[in-house]
Amino acid sequence: MNLTFKGFLRQYCQELAGEEATSLKRLAERAASDVPRVAEPLLLFAAKQDKTDYLKRLSAGTWLEVEFDSASAEIPKDGGSLEDALERGDLPPRYEQVWHAYIARRHAVDADRRVIGLMREKINDAIARSGATCYRVSKELGLNQGNVYAYLHGGDNSKVSRATARRIYRHVVEGEAA
């Protein structure tokens, strides 16, 4: 999964606003009325689309107008990288929090893959002790045999989710005790 900052901002705005749409107009309405938490990611999302002026016009007459005016003045223009500015801490801390949320989500997959890899070692040890086969485990759990084999014997941590690795582990360990 290759999550871009713009893609993250789109998802984050939708999550916070409780909206499926990515319309800046609709998101600005939600931020101005009942979901103020969406303001920071919304401004960054507009900046990634080069639409900060449009967003400022949409927010005219609301509390967001002043907020967007002051914050958009600090957003890099003319080829400056928004991500670099956030990384350097050039924007107010509430905007940096959005950046940190992105970094955490971007690295969550890598963290899962490490955990899944550690679980693979324990699963393979339990399978060796029990005499079970990859085929039997996948059949009993209703999993794709090719994916289970690629995970357990090929070392491909992307073939199963953390939850599936946990299911395999529990199944093999419980079966070993029986």
Worksheet entry | Tensor-based shape of region 1-87 (alpha-carbon gyration tensor, a/c under 1.5 rounded, otherwise prolate or oblate) | oblate
Worksheet item: Once the Cα atoms of helix 93-130 and of the chain are each reduced to a long axis, what angle between those two axes, in degrees from 0 to 90 to the nearest 10, is obtained?
Response: 0 degrees
Worksheet entry | Nearest 10 degrees, 0 to 90: helix 5-17 Cα axis against the chain principal axis | 80 degrees
Discussion item. List residues of region 145-178, by number, whose backbone nitrogen lies under 14 Å from a label position 7 Å along Cα→C-beta of V109.
Written reply: 157-162
Worksheet item: For the chain, what % of the accessible area comes from carbon and sulfur atoms, probe 1.4 Å?
Response: 47 percent
Worksheet item: With each pseudo-label sitting 7 Å past Cα toward Cβ, what's the V66-K139 distance in nm, one decimal?
Response: 7.1 nm
Worksheet item: Mind checking the angle between helix 39-48 and the chain's longest principal axis? C-alpha axes, 0 to 90 degrees, to the nearest 10.
Response: 90 degrees
Worksheet item: Out of [x] 18.5; [y] 19.2; [z] 18.1, which label holds the value of Kirkwood radius over Cα pairs in Å that was computed here?
Response: [y]
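Calculated from DSSP H runs of 4 or more alone, at -39500 (n - 2.57) each and per residue, what is the 222 nm mean residue ellipticity of the chain, nearest 500?
-22500 deg cm²/dmol
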Item to complete: Let me know the number of lysine pairs in region 1-74 closer than 14 Å at the Cα, not counting same-chain pairs under 8 apart.
Response: 4
Worksheet item: For the chain, what is the accessible area per residue in Å² when the probe is 1.4 Å?
Response: 56 Å²
Worksheet item: For region 96-110 and region 1-53, what is the separation of their Cα centres, given in Å?
Response: 16 Å
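The values are calculated or read from the model by the stated rules, or taken from the named source; none is laboratory data. Predicted, not measured: the structure shown is a model, and the values here were computed from it. Cβ: placed from backbone, ideal geometry, glycine included. Neighbour counts: every protein chain shown. The area values use the complete protein model at the heavy-atom level, side chains included, leaving out ligands, DNA and RNA. Shrake-Rupley method; radii C 1.70, N 1.55, O 1.52, S 1.80 Å.
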